[in-house]
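A short worksheet on the structure shown next.
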Amino acid sequence: MRKNQVIDYQARNESFENWFQTPLGHAMLADQRHFLDRKLVGLTGARQLHISVSHRIPLAHGTDFSQKIMTTPRWFTSIPDGVVVCDADELPFPGDSMDLVVLHHTADFSPYPHEALREATRVLRGEGTIALIGFNPVSVWGLRRLISRHHTGPWGGRFLLRRRMEDWLNLLGFQVSVSATRFFRLPFQRSGRKTSGRFGERLTGNGFLPVGGYYCILAKKRVIARIPRRAAWRQSNVIGMPGNAAVSASRGCSPQKLSHYED
């Protein structure tokens, strides 16, 4: 791709959404839903925010939150309640208002991935959880993207390194609790059998062989309590009145004129 080529992110988002309707896309989405539901079980709170490429691809619907909000970058004629049309890097929500934020391939298909992550950090409350899903470039899927002549489906995504995303999260004040690669099928619609589930998860989920097609990172937003600075002792400029109990801190007074007092 040429450096001066203008990228049509809307077209790539539409193509990626359509790809999830294919058998391979269905299989990946099912794996992502299963993994997130298993990792987020027991997590409760007031509000959950899902930043997605489309409102037709819901995630983390098994969580127990009072309000579930979803964002989509494109307008549709029939948008259900709870869906907000906005860009991922400009969220119309107040700060510290969400208990869980799910970024579903947001960095892969956003024109401004770092700004999108900052916005997610802004709206997430302290000690809240962020779940980030992205394509893994260190995999057969990443190799397929490099040699692909087309930018349709997942191949139009950015494929950022998992380590890079972890570094970004650390810089934004997060503590990573889960980081694993998933989905060990070949990136073809007819790829045959997938890798054995338990065997593949042992190799890849534990970091020995991080070659899954996508990665999932869970992190908690840390709250660092500020220690109030003790006020520096300053000499008072009040001049005491004449008398035995007078206390004077005037710079011009002699030490003999300062009377002692008890707490």
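The values are calculated or read from the model by the stated rules, or taken from the named source; none is laboratory data. Computed from a prediction, not measured in an experiment: that's the story for all the values here. So basically every Cβ, Gly included, is an ideal-geometry build from the backbone, and we count neighbours across all protein chains shown.
Conditions (1) touching a Gly at 6+ places or on another chain (Cβ under 8 Å); (2) modelled with pLDDT of 95 or more; (3) of a type in the set (D, E), marked per residue:
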| residue | (1), (2), (3) |
| --- | --- |
| D89 | no, yes, yes |
| P92 | no, yes, no |
| D108 | yes, yes, yes |
| G128 | yes, yes, no |
| L132 | no, yes, no |
Requested in this report: Please enumerate the residues belonging to the range 80-128 that are aliphatic (A, V, I, L, M) and over 19 Å from S15 (Cα atoms).
Outcome: V83, V84, L91, M98, L100, V101, V102, A116, L117, A120, V123, L124
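For every residue, the table says whether it meets (1) free of Cβ contacts under 8 Å to residues at least 40 places away in the same chain; (2) closer than 20 Å to I217 by Cβ; (3) in the same structural domain as T106 (by TED's automatic domain parsing).
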residue	(1), (2), (3)
E17	no, no, yes
M28	no, yes, yes
Q67	yes, no, yes
P73	no, no, yes
Requested in this report: Could you tell me which residue of the range 38-58 is nearest to E90 (Cα to Cα), considering only residues that are touching a helix residue (DSSP H, G or I) at 6+ places or on another chain (Cβ under 7 Å) and in contact (Cβ under 8 Å) with a residue 60 or more places away in the chain?
Outcome: I51
Report summary line: If we ask which residues in the range 119-176 are surrounded by 14 or more Cβ atoms within 10 Å (Cβ to Cβ) and either of a type in the set (V, I, T) or outside any helix (DSSP H, G or I) (or both), their number turns out to be 29
Report summary line: Among residues of the range 66-112 being of a type in the set (V, I, T) and in contact with a Cys (Cβ under 9 Å, 6 or more places away or on another chain), the residue surrounded by the fewest Cβ atoms within 10 Å (Cβ to Cβ) is T71
